[in-house]
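Here is the structure we will look at, set down as C-alpha cells.
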Amino acid sequence: AGGIVVTAVVVMWGWSSNQVTTMEEDSSRLLVFRAPRNEISTPAPTPAPTHSHTRLNHKNGSSSSPPSSNVYDPLLPRPAKKFVYLISANQKHEMHPPLEDTADRDVIWRTFEKPIESGYPHVFAPGTGYTEGRNILMLRAIDIAATMPGRGYLYYIFLDDDTVYFNFGDNNHNMSFEKSMPENVYERFERFLLKFQPAVGHPTYGGESINTSSFTTLFSNVDHCCLYAIHREALSFVAPYSMHFERVSGWASQNVFNMKTTMLFNERRLMCNAVRGRNPRHADYGDVFKRQHGPSVGAWVNSARLTRGRIRLPGSTEVPGRPKLEKDISYVMPDDFLKKHFNLSHPLIQDLVAFRKRKSVRCVVFGQCKPFLQQR
C-alpha cells in the first residue's frame, strides 16, 4: 500500500458538461492541503459512470426506469450505510479475508497503477502517495455520504491492502465484548464499533502485547495503522491527514494523526482485542523516523495549541487512562472551541479549517445539510 511520495494533495474530479459531480466545492473544484514545497500532483479524473437509464427527477423524487445494479450514479439517492472501507493499492485485488459491499457497508478503492473497470465511486490517481491517497479517499466518501439519508456513513475505515485480519481470543471469554460475536472478522469489528461508538477504533496487531483480561484497551500509537475507523463526528478535528512531513517520511502523517487523537479523544480511542491483524511486509520505517524526527513532529503539532494541559470537549467525563465505553458526548469540535484552543495561523489548523469549510463536510460532520442540498 504505497506509491510515489508527493508533497501536496489536490482533489479534482473532471466530468463532461452533461454530467454532474457532488465533488464541486467552488468554481475551480480544487482543494489543496499544503506541504513544504510547491509541486502539486493532480490525480487523473475518475472514469465517469455510464448511464443507460433516465435520471432522477429531483422535483418529485421519481425515475422513469430503475438503474442497472452495476451502475453507480451520483445523482441518484444512495441508501444509508453505516460503514465505508477506504483502501489504497496499486490495483484492486481480493482482500484477506474477502471484503465486499453489503447492505451496511461500502468499499471504495484508490488505485495508482491500474484503474478499476467499474469506475465511480473508485478513484484512479496515479502519481499519488500514501497520505495523499487517504485524503482523496476520505473526501470522495464524505461527498458520497452527503447524498445519503441521515448524513450517510457513521465510520470511515481506512484499510491497508496487504494486511491479513483474523479473529482472536475466541476461547477467552474475557476478550469477548458480547455473548455471541460474528465469525466474519469485518462484521465483528463493525459490531464492536456500533456497540461502543469510539471516536477512533482499531484492532490489535501482531507484535503488540494484548491485555487478555479485557475485550478492549486504549488505542496503541502504532507507526502505521493498517486498519482504523474514525467516527464521522471526530473528523471535525482529526481530518485531513497532514502532508507537512511527507518529504521526510510517509509515516509522519500517522504520527500527527495519533497525536491529534490523543490530544482530544484519548480515552475514546479503543482497540478491539477480539480482532487481530498481521502485515508480513511491514518495514521499520516508522522506528527509523521516530528516532530521527519524532521530537520535531511532536513540537510542530504542539505548537498549534493555544491551551496547555488537557483539552476536553464540552461534556467530557473521561477518567484519564481508562477506556470510555459509552458515547455520552458529541465528538464534533465547535468552531468557537477551535478558535479558543488552537492557533488558526498554524499550517495544521489552516488545513483543518479548509477541510471544515467544504460544503459536504458541513453537511456530513456538522449536520448543516439544507444549504448543501439546495445547491445540488
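Read-outs: derived from the displayed coordinates by stated rules, not from any lab. Remember, predicted model here, so these are calculated numbers, not experimental data. Here the Cβ is made from the backbone with ideal geometry for all residues, glycine too, and neighbour counts use every protein chain on show.
Things to note:
- Take each peptide in 322-331, 87-96, count the other Cβ atoms within 10 Å of every residue, and average; sorted highest first, the result is 87-96, 322-331.
- Of the peptides 129-141, 176-188, the order by per-residue mean of other Cβ atoms within 10 Å, starting with the highest, comes out as 129-141, 176-188.
- Rounded to whole Hz, the Karplus (6.51, -1.76, 1.60) HN-Hα couplings of segment 237-246, x for glycine and proline: 10, 7, 8, x, 6, 6, 9, 4, 9, 5
- Rounded to the nearest Hz, the phi-derived 3J(HN,Hα) couplings of segment 132-149 under the Karplus curve 6.51 cos²θ - 1.76 cosθ + 1.60 (θ = phi - 60°) are 4, x, 5, 5, 4, 5, 4, 5, 4, 5, 5, 5, 5, 4, 5, 8, 9, x, where x marks glycine and proline.
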